[in-house]
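A.B. asks: Quick one: the structure is below, questions incoming.
The values are calculated or read from the model by the stated rules, or taken from the named source; none is laboratory data. This is a predicted model, so every value here is computed, not measured. Cβ sites come from the backbone with ideal geometry, for glycine too, and all protein chains shown count toward neighbours. With ligands, DNA and RNA removed, areas are computed over all heavy atoms of the protein, side chains included. Shrake-Rupley method; radii C 1.70, N 1.55, O 1.52, S 1.80 Å.
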Amino acid sequence: MAIKDAALHALIEPVVSAMGFELWGIDHLSQGKHSRLVIYIDHDDGVSVDDCADVSRQVSAVLDVEDPVPGEYRLEVSSPGMDRPLFTLEQFGRYAGHVVAVKLRLPFDGRRKFQGLLVGVESDEVLLQIDGEEYCFPIEGIDQARVVPQFT
């Protein structure tokens, strides 16, 4: 987790937790002068649109006071959904046995995108099984990762 993301996480997590939700992760997506700050919240009983609106109001108040994001941005609060992004080793561990899509920061074997069965985590690496071969990717080398919903 980058230092800026860690600072945002430290600022937002207590607010989200106090409201009874888990802060699943934060995406800060720069788009020129404007950017999007997406906060993913989760709960065992699910997340409603009203929950997202309530969390958005509380987090927005904190962000207005602390002003940790330079420039203009749009705040979005969302459930991680079925194709949930994975941010931490603990989250990868929770989804062992599921198919995930991973995008690396730098190419490995000439490519950055991989999809396969998430075997688990070992030390600071994510283990994927792709076409019968096992790949180990250091968590800091993963730019994005999402669970791929499987419908049977």
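A.B. asks: For the range 25-66, what does the alpha-carbon gyration tensor say about shape, rounded, prolate or oblate, given a ≥ b ≥ c as the root eigenvalues, a/c under 1.5 as rounded, and a/b over b/c as prolate? Spell out each step's value before the answer.
C.D. replies: Working: a/c = 2.56, a/b = 1.55, b/c = 1.65.
Because a/c hits 1.5 or more and a/b fails to exceed b/c, the range 25-66 counts as oblate.
A.B. asks: Follow-up question, since we're still on this one. Would you please classify the overall shape of the range 18-106 from the alpha carbon gyration tensor, given that a ≥ b ≥ c denote the square roots of the eigenvalues, rounded means a/c under 1.5, and beyond that prolate means a/b larger than b/c while oblate covers the rest?
C.D. replies: It comes out oblate by the Cα gyration axes.
A.B. asks: With Rg/Rh (Cα atoms, Kirkwood Rh) defined as stated, name the option among [x] 0.99; [y] 1.07; [z] 1.04 computed from the structure displayed.
C.D. replies: [x]
A.B. asks: In the range 47-118, which GluC sites (Glu not before Pro) are in a loop and have at most 12 other Cβ atoms within 10 Å, using DSSP for the loop call?
C.D. replies: Details: sites: GLU66, GLU72, GLU76, GLU90; in loops: none.
Taking the range 47-118 and a limit of 12 other Cβ atoms within 10 Å, no loop GluC sites (Glu not before Pro) are found.
A.B. asks: On to the next question. Tally Lys and Arg at +1 and Asp and Glu at -1 over the other residues with C-beta under 14 Å from the C-beta of VAL119: what net charge comes out? Could the numbers behind the result be given before it?
C.D. replies: On the way: positive: ARG94; negative: GLU122, GLU125, ASP131, GLU133, GLU134.
Residues near VAL119 contribute -4 overall.
A.B. asks: Top to bottom by accessible area (1.4 Å), largest first, where do LYS33, LYS103 land?
C.D. replies: Numbers: LYS33 165, LYS103 60 Å².
Sorted by accessible area, descending: LYS33, LYS103.
A.B. asks: Sticking with this one: What distance in nm separates the two pseudo spin-label positions at ASP124 and ARG57, each 7 Å out from Cα along the beta-carbon direction?
C.D. replies: That separation, rounded to one decimal, is 4.2 nm.
A.B. asks: Angle, helix 3-18 long axis vs. longest principal axis of the chain, Cα atoms, 0 to 90°, nearest 10?
C.D. replies: Rounded to the nearest ten degrees, it is 70.
A.B. asks: What percent do you get for the relative contact order of the chain when only Cα pairs under 8 Å and 6+ apart count? Provide the component values of the computation, followed by the final result.
C.D. replies: On the way: 246 pairs, mean separation 28.4, N = 152.
It comes to 19 percent, rounded to a whole number.
A.B. asks: Compute the FRET efficiency between ASP50 and MET82 as 1/(1 + (r/R0)^6), taking r as their Cβ-Cβ distance and R0 = 25 Å, and round to the nearest 0.05. Could the numbers behind the result be given before it?
C.D. replies: On the way: r = 20 Å, r/R0 = 0.80.
My answer for the efficiency is 0.80.
A.B. asks: Shifting gears a bit: Considering only protein heavy atoms and a 1.4 Å probe, what is the carbon-and-sulfur percentage of the accessible area of the range 1-148? Before the final figure, lay out each step's value.
C.D. replies: Values: 4130 of 8480 Å².
Whole-percent figure for carbon plus sulfur exposure: 49.
A.B. asks: Still on this structure, please answer the following. In whole angstrom, how far apart do the alpha carbon centroids of the range 1-70 and the range 96-128 sit?
C.D. replies: Here the answer is 26 Å between Cα centres.
A.B. asks: When a/c reaches 1.5 or more, the comparison of a/b and b/c decides; with that in mind, is the range 2-51 rounded, prolate or oblate per its Cα gyration tensor?
C.D. replies: Details: a/c = 2.76, a/b = 1.57, b/c = 1.76.
Note, shape of the range 2-51 comes out oblate.
A.B. asks: Taking only protein heavy atoms into account and a 1.4 Å probe, give the accessible area per residue of the range 84-152 in Å². Before the final figure, lay out the partial values.
C.D. replies: Numbers: 4160 Å² over 69 residues.
I get 60 Å² per residue for the range 84-152.
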